[in-house]
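The values are calculated or read from the model by the stated rules, or taken from the named source; none is laboratory data. It should be emphasised that the depicted structure is a prediction, and the values quoted were computed from it without experimental measurement. With ideal geometry, Cβ positions are generated from the backbone for all residues, glycine too; neighbour counts draw on all protein chains shown.
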Amino acid sequence: MNEELKAVWASFFNWVMGNGPRPENEVIPAEPPPALPFTQKPKDKYSRFHEATLKERYSQWLEIHGLHLFSVLYSGVSVLLCIVLVSLLLATVAELPPFGHERNPANNEVIERYVKHGGRETGAQNIVAGLILDYRAFDTFGESSVLFTAAVSVLMILGASRRNSLKDDSKPHTHDPESGILQRGPPLMHHDDAILRGVASLSIPVILMMGCVVVINGHLSPGGGFSGGAILSTALILAANAYGFGKVHAFFSERTFIVSSSTALMIYALSKGYSFFTGANHLHSIIPKGTIGNILSAGLILPLDICVGLIVAGTLYGFYALFSEGDM
Amino acid sequence: MLEKLLLNHYEAAAVILSGIGLTNLLLQRNLIKKIIGLNIMDTAVYLFLAAKGYVEGRAAPILIQAEGGGWVTNPDVYVNPVPAGLVLTGIVVSVSVTAFALALTLRLYEHYGTLNIDEALMKMTEQQEDIEAKISQAEEDVLA
């Protein structure tokens with residue numbers, strides 16, 4: 001009885017586990033003998049190597065070794081090129097006039113002219129400001145336009161596609177395991193950091209004031225529109241990091257950036273065009289030069305500095321916002 | 001020659017920096033590192049220009065008040081103001097170009113999932129071949 005019960009249980013257990021009785025006519029296939037290493041068939045590519053013509057051999061050899069050879073050659077040639085270039089330039093540098101000597105050919109009559117008459121003609125105490133915003137103001141206008149154009153291009157490249165993809169889903173950033181392509185999720189939320197917020201609330205007003213001082217004193221001291229604008233943009237970036245992009249968005253959005261920058265560029269172009277027109281034609285200009293050393297002096301340099309500062313601040317903050325959030 | 005190079009050490013450093021930048025630009029396969037190489041070359045140019053404008057023992061080109069009122073406009077007192085303007089132009093253009101290149105790189109990364117220019121080109125060719133195969137398949141279907 002006990003033996004029978006055991007056999008029943010065993011068969012039941014086998015049935016549950018799927019190990020049914022082996023069929024009587026089962027054929028167990030014989031295992032193939034292990035292949036010896038030297039009997040393995042060579043690849044097709046190599047098999048007919050000795051029968052191929054010289055041209056075929058050459059193309060096969062290129063196919064196998066070409067990329068490696070090219071990369072080695074490329075690295076070698078580029079290192080050689082750089083060494084030759086640097087040694088040629090060093091030989092040239094050795095023949096240059098001594099560093100910091102006052103008789104250097106770079107310190108010629110152009111500099112004398114700028115220093116002697118620059119203050120009287122432009123009204124700027126800072127000769128560099130007079131140089132870049134009066135004598136060569138159209139060059140600076142081009143620079144501001146380049147910066148603005150770069151910001152608009154980055155906005156085009158990064159902005160449009162992301163805005164569409166952000167609306168769709170709320171998944172985090174993930175990589176597609178097969179193709180490795182980034183599936184973009186929503187923008188990374190800023191961490192609500194009490195220390196950062198405290199420091200930001202103390203330092204942002206100071207940074208903003210510093211930026212305004214550098215912009216407004218551009219014709220009196222080192223600085224000007226570009227450096228002041230960069231300082232202003234750091235205040236905006238700090239605010240965005242501490243309080244989140246939404247808070248900055250409330251007063252500085254893409255629309256604000258486009259409007260303020262285009263307005264600043266227009267004011268720059270029109271006022272400088274007027275100044276050049278009257279100056280070149282010896283007409284009476286309504287823009288006074290003022291006395292050197294006052295804040296309200298140097299004619300157009302102060303408003304032009306403010307225009308450039310607005311453009312630079314917007315552009316640099318725009319770069320940061322676009323690269324980190326994909327939106328402005 | 002070494003003495004002369006030591007005399008002009010700022011210019012020599014600028015030249016070596018530009019060589020490093022160019023090597024980076026040629027040899028790096030990572031696009032971000034290529035852009036960094038470009039920026040190193042930019043920096044070399046700024047250093048060279050600033051070194052050319054410097055004159056030993058002179059003040060920055062901001063007019064100094066003379067003792068009896070008025071301003072010192074003697075050109076022997078100030079350094080060369082022109083390189084400062086040139087470097088400003090260079091910095092602005094470099095910032096713009098860097099931002100544009102980084103934006104393009106970001107899009108490339110989103111599309112191909114790699115920053116390596118070789119891998120990206122390989123994937124680009126694969127996708128092109130896929131498309132061509134699909135087009136020829138469609139043509140055969142139409143003909144059949």
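Observations
- Among the helices (runs of 4 or more DSSP H) confined to the stretch A:178-286, there are none with at least 3 residues that are modelled with pLDDT of 90 or more and outside the structural domain of A:L131 (by TED's automatic domain parsing).
- Matching entry among A:L96, A:L85, A:L62, A:L5 (being of a type in the set (A, V, I, L, M, F, W, C), part of a helix (DSSP H, G or I), at pLDDT 75 or above and within 30 Å of B:L17 (Cα to Cα)): A:L85
- Test for A:S78: is it more than 7 Å from chain B (Cβ to nearest Cβ) and polar (S, T, N, Q): no
- Options B:T89, B:T73; residue that is within 9 Å of chain A (Cβ to nearest Cβ) and over 30 Å from A:F148 (Cα atoms): B:T73
- Among residues of the stretch A:99-123, those that are surrounded by fewer than 12 Cβ atoms within 10 Å (Cβ to Cβ), farther than 17 Å from B:N74 by Cα and either at pLDDT 80 or above or more than 38 Å from the chain's Cα centre (by Cα) (or both), counted: 0
- Between B:A101, B:A51, the distinction of being touching a helix residue (DSSP H, G or I) at 6+ places or on another chain (Cβ under 6 Å), within 11 Å of chain A (Cβ to nearest Cβ) and closer than 26 Å to A:Y74 by Cα belongs to B:A101 only.
- Candidates B:E3, B:E11, filtered to the one that is at the interface with chain A (Cβ under 7 Å from one of its Cβ atoms), farther than 30 Å from B:R107 by Cβ, among the acidic types (D, E) and without any contact (Cβ under 8 Å) to a residue 60 or more places away in the chain: B:E11
- Annotation note: Cβ proximity below 6 Å between a residue of the stretch A:301-327 that is outside any helix (DSSP H, G or I) and a residue that is basic (K, R) (sequence gap 6+ or interchain) occurs for A:G326/A:R162.
- Test: residue in the stretch A:64-73 that is in contact with a strand residue (DSSP E or B) (Cβ under 9 Å, 6 or more places away or on another chain), at negative phi and surrounded by 12 or more Cβ atoms within 10 Å (Cβ to Cβ): no
- Any hit, the stretch A:101-110, residues being assigned to a helix (DSSP H, G or I) and outside the structural domain of A:G290 (by TED's automatic domain parsing): yes
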